[in-house]
Amino acid sequence: MHEALANAVSRVLRALFRVLLRHSMSYTAFEDLARRVYVEVAMKDFSIEGKKPSISRASILSGLTRKEVRRLLELSTMPEDPAQGERYNRASRVLTGWVRDPDFLDDKGQPMALAIEGPHGFAALVRRHSGDMPARAVLDELLRVGAVRWQDGQHVALQTRAYVPARSAPDKLDILGVDTAELIATIDHNIEHGDLDPRFQRKVMYEAIPDSALPAFRKLSANQAQALLERLDAWLQTHDSVPGAAEAVTTPCTRVGLGIYYYEEPAAPPTLGEPR
């Protein structure tokens, strides 16, 4: 088990370290961050039921001295931005509503350029698909990431059908943290509880697809994946508690989603004498 875990972590770290080195994070900075988060997780998620989290237990779990655990806990940790995930979610819902809600489509079924106000304006779109979020805040966010643009100075036109912050490296790194953490959490759940309560986790992978076929598969997979996500979004929206509504306060709720990603890398050359 220890060897399997070490091999799995090595693969995760190789992919992560490519990002860290590309963005000039030193090993010393990574090590300091890893130590702090290790201690925080030990304190928050691995306390004994009915007992208050203790420095001694965090020391035992982490292998760090009690002195080091205490020092790390006293350091000011980098606060997570709870607004980031909310902004990401709300903006995505507005874009999805824009491409499938018939009230905001033209006679050809394409997203219309929208005035800010009016029964079929951008503010109405936000109210319908993003609850109580201010329309101006959503518009500023979509303009910032390049998802929409001004048209003739009075209308907002759709640039892309998904919330992908193409212009901002920090925002892309935020998505790295959110999406990777969610995938690892799903895998962790399936390791611990997969026999009784499995969560969907599948992929399709082939080892030797000709490069000439890649453009066609990229297009096919993107179109079908987008269509699936839009269908799932439509179902989730009908069951979503509107933020601020009375029922949202009394009804137990869960954050839920399904993610899809595309992957490719050069195929390893076949070993001499073995079939490809």
Fluctuation leader among LEU20, LEU114, LEU75 - the chain, Gaussian network, Cα springs under 10 angstrom
LEU75
In nm, give the distance between the simple-model label positions of ALA225 and ASN7, each being 7 Å from the Cα along the Cα-to-Cβ direction.
2.7
Once you've got the GNM for the chain with C-alpha springs shorter than 10 Å, pick whichever of ARG128, ARG149, ARG202 has the biggest mean-square fluctuation.
ARG202
With θ taken as phi - 60° and the coefficients 6.51, -1.76 and 1.60, list the Karplus ³J(HN,Hα) couplings across the range 10-25 in order, rounded to whole Hz; mark glycine and proline as x.
4, 5, 4, 5, 4, 5, 5, 5, 4, 5, 4, 5, 5, 9, 6, 8
Per 10 angstrom bin, beginning at 0 and ending with the bin that holds the maximum distance, the Cα pairs of the range 108-152 fall in percents of 27, 59, 15
Relative compactness, the range 82-158, computed as alpha-carbon Rg over 2.2 N^0.38 Å:
1.01
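Roughly speaking, what is the stretch gain from ASP179 to SER54, that is 0.36 nm per residue apart minus the C-alpha to C-alpha distance, in nm to one decimal?
42.0 nm
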For PHE17 and ALA208 in the same chain, what is the full-extension length gain: residue separation times 0.36 nm, less their Cα-Cα distance, in nm?
66.1 nm
Using each residue's phi in the range 195-202, evaluate 6.51 cos²θ - 1.76 cosθ + 1.60 at θ = phi - 60° and report the 3J(HN,Hα) Karplus result to the nearest Hz, with x for Gly and Pro.
5, 9, 9, x, 10, 4, 7, 9
Calculate the spin-label point distance for LEU258 paired with TYR27, positioning each point 7 Å from the Cα along the beta-carbon direction, and give it in nanometres.
4.2
Would you mind checking which residues have amide H under 5 Å from GLY146's amide H? H placed 1.01 Å from N; only 5 or more apart, or other chain.
none
Cα centroid separation - the range 33-60 against the range 177-193, whole Å
20
For the range 2-79, alpha-carbon Rg and Dmax in angstrom
14.4, 44
So what are the radius of gyration and Dmax for the Cα set of the chain, in Å?
23.1, 70
Can you work out the Karplus-derived ³J(HN,Hα) for every residue in the range 215-229? Use 6.51 cos²θ - 1.76 cosθ + 1.60 with θ = phi - 60°, whole Hz, and x for glycine or proline.
x, 5, 6, 4, 5, 4, 5, 5, 5, 6, 5, 4, 5, 5, 4
Mean-square fluctuation check for the chain, GNM, Cα pairs under 10 Å: which of PRO111, PRO53, PRO119 is largest?
PRO53
Counting each DSSP H run of 4 or more residues in the chain as -39500 (n - 2.57), what helix-only mean residue ellipticity at 222 nm follows after dividing by all residues, to the nearest 500 deg cm²/dmol?
-18000 deg cm²/dmol
Debye, to nearest 20: dipole size of the range 2-79, +1 on Lys, Arg Cβ, -1 on Asp, Glu Cβ:
80
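Here, each number is a calculation from the coordinates, and none is a lab measurement. Note that the coordinates shown come from a computational prediction; the quantities given were computed from them, not determined experimentally. As a convention, Cβ positions derive from the backbone with ideal geometry for all residues, glycine included, and neighbour counts pool all protein chains shown.
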